[in-house]
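See structure below.
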Amino acid sequence: MVQFIPMIVVMENKKMSYEEAQKALAEQDRYVGVVLEALNDKVDVLVEGQEAMEVRMDRFDGRMNRLEVKVDHLDTEVVVIREKLDVVVDDINKKAEKRDFIALEHRVKKLEAF
């Protein structure tokens with residue numbers, strides 16, 4: 001990493017010619033230009049990073065939306081499965097009751113035949 005040191009011209013009790021002052025100002029302008037260019041480069045890197053992050057977030061958002069649709073579909077399927085299971089349980093209970101009833105009826109007939 002390049003470090004820039006400010007080039008501030010401090011001349012105590014020394015007169016500067018016009019040419020020296022122009023040189024000092026030109027050097028100061030170059031320094032400010034280099035610092036500004038380095039700062040612009042860093043801002044460009046930040047902007048590129050932000051744009052890349054935005055693309056990734058858009059893709060992530062799309063994946064989350066698709067996942068949400070799948071979860072909603074699964075919720076619906078679970079509700080349907082529960083309803084079917086309730087019907088099956090009711091059928092089993094009715095069949096068990098009917099079997100018990102038939103068994104009891106059979107036993108009663110045997111007793112009556114006695």
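Among Val55, Val32, a tally of other beta-carbon atoms within 10 Å of each Cβ gives an order, fewest to most, of Val55, Val32. Charge dipole (Cα centre; +1 on Lys/Arg Cβ, -1 on Asp/Glu Cβ; no other charges) of the chain amounts to roughly 920 debye. Nearest 10 degrees is fine. How inclined is helix 18-113 to the longest principal axis of the chain, computing both from alpha carbons? Its long axis makes an angle of about 0 degrees. Within straight-line reach of Lys109, meaning a Cα separation under 25 Å, sit the following lysines at least 8 residues removed in sequence or on another chain: Lys94, Lys95, Lys98.
Would you be so kind as to identify which of Met64, Val88, Thr76 lies farthest towards the positive end of the dipole of the stretch 19-88, taking Lys and Arg as +1 and Asp and Glu as -1 on Cβ and the Cα centre as origin? In the stretch 19-88, that residue is Val88.
Between Asp58 and Asp29, take the C-beta separation as r, use R0 = 41 Å, and let me know the FRET efficiency to the nearest 0.05. Efficiency for this residue pair is about 0.45. Measuring max minus min along each principal axis, the C-alpha atoms of the stretch 67-114 give extents of 69, 8, 5 Å (largest first). Each 5 Å bin, from zero up to the one with the longest distance, holds this percent of the alpha carbon pairs of the stretch 16-114: 2, 9, 6, 7, 6, 6, 6, 5, 6, 4, 5, 4, 4, 4, 4, 3, 3, 3, 3, 2, 2, 2, 2, 1, 1, 1, 1, 0, 0. Think of it as helices only: each DSSP H run of n ≥ 4 in the chain is worth -39500 (n - 2.57), and spread over all residues that comes to -32500 deg cm²/dmol at 222 nm.
Sorted fewest first by neighbouring Cβ atoms within 10 angstrom, Phe101, Phe114 come out as Phe114, Phe101.
FYI, it's all coordinate maths here, none of it is from the lab. Note that the structure is predicted; figures quoted are calculated from it, not measured. All Cβ positions, even for glycine, are placed from backbone atoms using ideal geometry, and neighbour counts span all protein chains on display.
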